[in-house]
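Right, one structure below, let's go through it.
Read the figures in this text as sums done on the coordinates, not as results from a lab. Note that this is a predicted model, so its numbers are computed, not measured. Positions of Cβ are backbone-derived with ideal geometry, glycine not excepted, and every protein chain shown enters the neighbour counts.
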Amino acid sequence: MNNTAQRQRRKHALLRLLCPLLLLVALTALLPGAHAANQPIVTTAKVNLRAGPSTSTGRVVYTVAKGTELSCVEKMANGWSKIVYKNATLYVYSQYTANKPAATPATPAPSGSATIVTTAKVNLRQGPSTSTGRVAYTVAKGTTLTRLEKMANGWSKVLYNNATLFVFSQYTAEKSAPATQPTTPATPAATTAIVTTSAANLRKGPSTSTGKIAYTVAKGTELARLEKMANGWSKIAYKGQTLYVHSSIVMDKPVVPTVSAAEVAKLAAAQNTTKLLITCRYNDYFAKVFAFEKKNGTWTPVLTCDGTVGKNGVSYNRVQNDRTTPGGVFTFGTAFGIANKPAAINLPYFKVTKNDYLINDSDSKYYNQFVDITKVTKDWKNGAYEHLISYDKSYQYAAFINFNWPNPVKKKGAGIFLHCYGNSSYTEGCVAVAQDNMIKLLGFIDANTKIVIVANKADLAKY
């Protein structure tokens, strides 16, 4: 047999072997449910991708979430699928995959369609059933869908990512169109500046039981009141939020007073003097102190500073122990202090010792007077005095205000001074300023200086 005949026989034998194999491959490709080469599929549950088609010998390479897209290379007879994921050939159990829904060309939503949103996290399925409709996507609450048809069986046919799918209607709602707003700028609501009168809770609702606390703020915090409500609360704006505070612990923000030289020139108290000190209360016990001097016929401001008065404000009918500062026009008496005499001072000054007292017993002949207890016979009740050296902050420097003096009236009050700030934010009836300002004022005032004390700026014109 020649070589040509032998080659021909081998060729025929090879063809007889290959034909059945090729036929098998062709038939397998036509089987229902078989993935075509590189068919896009998605996982229908959280699933492991393995190095081999076995749970016992195929180690886990990746664990992927439900809805992960894979490329199926081969759907194997043993229930596994050979897939490509992240450029690696791996295996996934076919039961946990489904063909990726075929994309359809984007077309305008048909007439009669509606825009809806999901009201919860929900599955979009390939059919209107939880048992036969495979999950194509799981979408978050608030996802927008186009509803093609609201079906009688409780499902809605929807369009999502160019795929026609189904969602249970119970978990959707029609999307409301936003209201058209005018293009003119919004006019801010009228607000009133208020301040807290104590530490205060700012709440999310007008109730201590249901309004959660958003902030706790200190006394004196400024707020913008939007509305004073009938239920005892105030609606306020604070740090860009609308909140609520109880109206009993806020007050209108006080207007800090100013006094001009022109105003001073019109005062009756400004006549027959060249130096004037004005204490003008404006909120609770807070005050402004103004010093003016008249030079060459013109009043000129010398000093303006903060001050405080009695806890209960200023009274034009003061009585002893009412914790008010007397209102009116007064002059100054002697100056005194625990500290040494200042370099610049115009009033008589004595340095306080442990023997120096101010008597406030109205039945004593020393009522509203300084005494050295080593030089007088005691006629006052126990405790009816001020032991000056005990007020180590307030009386570092001070000046006696000639209230209820030189002819003291019983129970009208005693010991009204201009002095330094003490341990409290208010006084028992005196006027207090910072120590550095007190030193400046001692260098300014003299025996002819008048001090005008008023409860508010409006009252100043009366004096």
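Here are the numbers:
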{"item": "Cα gyration tensor category, rounded, prolate or oblate, for segment 62-173 with a/c compared to 1.5", "result": "prolate"}
{"item": "Length-normalised contact order for the chain - Cα pairs under 8 Å, 6+ apart - percent", "result": "9"}
{"item": "Pairs from Lys351/Lys440; Lys311/Lys440; Lys341/Lys412 whose Cα-Cα separation, in the structure shown, is over 27 Å", "result": "Lys341/Lys412"}
{"item": "Dipole magnitude of the chain about its Cα centre (Cβ charges: Lys, Arg +1; Asp, Glu -1), debye to nearest 20", "result": "2700"}
{"item": "Cα centroid separation - segment 141-162 against segment 362-412, whole Å", "result": "90"}
{"item": "Counting DSSP beta bridges with both ends in segment 348-463, the antiparallel % (nearest 5)", "result": "75"}
{"item": "Simple label model, 7 Å out from Cα along Cβ direction - Thr55 to Asn317, nm", "result": "9.6"}
{"item": "Cα Rg, Dmax (largest Cα-Cα span) when computed across segment 368-463, Å", "result": "15.0, 47"}
{"item": "Per-residue HN-Hα couplings for segment 254-259 [Karplus 6.51, -1.76, 1.60; θ = phi - 60°; Hz; x = Gly/Pro]", "result": "x, 8, 5, x, 10, 10"}
{"item": "Partner lysines for Lys212 [C-alpha distance under 17 Å; skip if fewer than 8 residues away on the same chain]", "result": "Lys204, Lys235, Lys239"}
{"item": "Estimated FRET transfer efficiency when R0 is 35 angstrom, pair Lys412-Asp372 (beta carbons, to 0.05)", "result": "0.90"}
{"item": "Folded to 0 to 90 degrees: helix 3-30 orientation relative to the chain principal axis, Cα", "result": "50"}
{"item": "Projected-area mean, segment 267-337, by convex hull of Cα positions, square nanometres", "result": "6.1"}
{"item": "Using a Förster distance of 35 Å, the FRET efficiency for Val302-Thr192 (Cβ separation, nearest 0.05)", "result": "0.50"}
{"item": "Dipole of the chain [Lys/Arg +1, Asp/Glu -1 at C-beta], most positive-end residue of Tyr93, Thr191, Asn48", "result": "Tyr93"}
{"item": "Protection proxy ranking, peptides 342-349, 270-277, 405-412, 452-459, average beta carbon neighbours within 10 Å, highest first", "result": "452-459, 270-277, 342-349, 405-412"}
{"item": "Extension gain, Asn355 back to Asn272 (0.36 nm per residue minus Cα-Cα distance, nm)", "result": "26.1 nm"}
{"item": "Gap separating the Cα centres of segment 35-79 and segment 287-312, nearest whole Å", "result": "88"}
{"item": "In Å, descending, principal axis extents of the Cα set of segment 221-373", "result": "59, 46, 31"}
{"item": "Net charge dipole size for segment 214-300 [Lys, Arg +1 and Asp, Glu -1 on Cβ; Debye, nearest 20]", "result": "100"}
{"item": "DSSP-defined beta bridges in the chain - what % are antiparallel, rounded to 5", "result": "90"}
{"item": "Residues of type lysines that Lys82 reaches as a straight line, Cα spacing below 20 Å, ignoring anything fewer than 8 places off in the same chain", "result": "Lys46, Lys66, Lys100"}
{"item": "Packing-based order for 418-428, 133-143, using average beta carbon neighbours within 10 Å, highest first", "result": "418-428, 133-143"}
{"item": "Among Thr258, Leu159, Asn355 - extreme Cα towards positive end, dipole of the chain, charges at beta-carbon", "result": "Leu159"}
{"item": "Separation of the Asn162 and Ala218 label points, Cα + 7 Å toward Cβ, nm", "result": "6.3"}
{"item": "Test item: Cα-centred dipole of segment 281-355, Lys/Arg +1 and Asp/Glu -1 on Cβ, debye", "result": "200"}
{"item": "Ala384/Leu347 FRET efficiency (R0 25 Å; Cβ-Cβ; nearest 0.05)", "result": "0.40"}
{"item": "Binned Cα-Cα distance frequencies in the chain - 10 Å width, integer %", "result": "4, 13, 14, 11, 9, 7, 5, 7, 9, 9, 5, 2, 2, 1, 1, 0, 0"}
{"item": "Two-site label geometry, Asn87 and Lys239: point separation in nm, points 7 Å out along Cα→Cβ", "result": "5.0"}
{"item": "Set of aspartates and glutamates with alpha-carbon distance to Lys150 below 12 Å, sequence-local pairs under 8 removed", "result": "Glu174"}
